[in-house]
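See below for the structure under consideration.
The values are calculated or read from the model by the stated rules, or taken from the named source; none is laboratory data. Just so we're clear, the structure is a prediction, and the values are computed from it rather than from any experiment. Neighbour counts run over all protein chains shown; Cβ positions are idealised from the backbone, glycine included. With ligands, DNA and RNA removed, areas are computed over all heavy atoms of the protein, side chains included. Shrake-Rupley method; radii C 1.70, N 1.55, O 1.52, S 1.80 Å.
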Amino acid sequence: IIQTLSQPYGVDQHTLYIGASAGTAGGPRDGRSVETLIRSADLALYRSKDEGGGVFYSYEPQLHVHAEERRVIEIALRKALERNEFQVHYQPVVNAQSGTVESFEALLRWTNPELGPVSPAKFVPIAEDARLIGPIGEWVLRTACMEAAQWPATIRIAVNVSAEQLHDANFVSTVVSALAQAGLPPHRLELEVTESVFMREGTNAVAVLDRILALG
């Protein structure tokens, strides 16, 4: 099916290419009702998409365990900010020649009363998918700026920024507000982005970053 759907299509004198992902489930092993079978096939489909597409996976019980864990984490994440469950840790960046600390990188950590410490590698992608990374990222930015304002004037603070934050029209205003609230000079703040931001978001991310760089 994937191979057939991936053949080029001629539409209005244009050649179009599409991709396909597939997830399969079979009864009674993967479910004894239509609803359960569709849910199982859907979980397998999501795994195919997570692997980059163009492939198929069959349902495995572990996929349900993973989906349930993801659901529990997302529900807990939605309440984590108001419950003050996040902490920011600061990792020093040291000049290898002089041994002096030049800056710190802000690292987000989460400890939930029921789940305990949750790895960023696990909860950050879920926060991004659930569109929660915006408010969480803003909290990290403001917290880090307030902390850095108490450090010596030569020390900078680096904060990671997600693609979703750069896609927000109000992000530049958020940065200006965080700096003003903390009384932190702009040159002491570094915003770290991944290369994928430029490939996915294109000129919008570049335009936002240009406005931030203009702040100093």
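Below, the figures for the structure above:
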quantity	calculated
Reference-scaled alpha-carbon Rg (2.2 N^0.38 Å with N residues) for the chain	1.31
Residue-wise HN-Hα coupling along the stretch 26-37, computed from phi with Karplus coefficients 6.51, -1.76, 1.60 (Hz; x: Gly, Pro)	x, x, x, 4, 9, x, 10, 10, 4, 4, 5, 5
Charge context of V55, other residues only, Cβ under 13 angstrom, K/R +1, D/E -1	0
Accessible surface of the chain, 1.4 Å probe, proportion on carbon and sulfur as whole %	55
Extension gain, N204 back to L115 (0.36 nm per residue minus Cα-Cα distance, nm)	28.3 nm
Solvent-accessible heavy-atom area per residue, rounded to whole Å², over the stretch 1-155 at 1.4 Å	65
Net charge dipole size for the chain [Lys, Arg +1 and Asp, Glu -1 on Cβ; Debye, nearest 20]	280
Positive-pole candidate from A41, Q13, W110, dipole of the chain, charges at beta carbon	W110
The chain - mean residue ellipticity at 222 nm from DSSP helices (-39,500 (n - 2.57) per run, n ≥ 4, rounded to 500)	-14500 deg cm²/dmol
Rounded to 5, the percent of DSSP beta bridges in the chain classed as antiparallel	60
Shape category assigned to the stretch 98-163 from the gyration tensor of Cα positions, a/c cut at 1.5	prolate
Given 10 as the ceiling on other Cβ atoms within 10 Å, longest exposed-site-free region of the chain for trypsin sites (Lys or Arg not before Pro) in DSSP loops	132-216
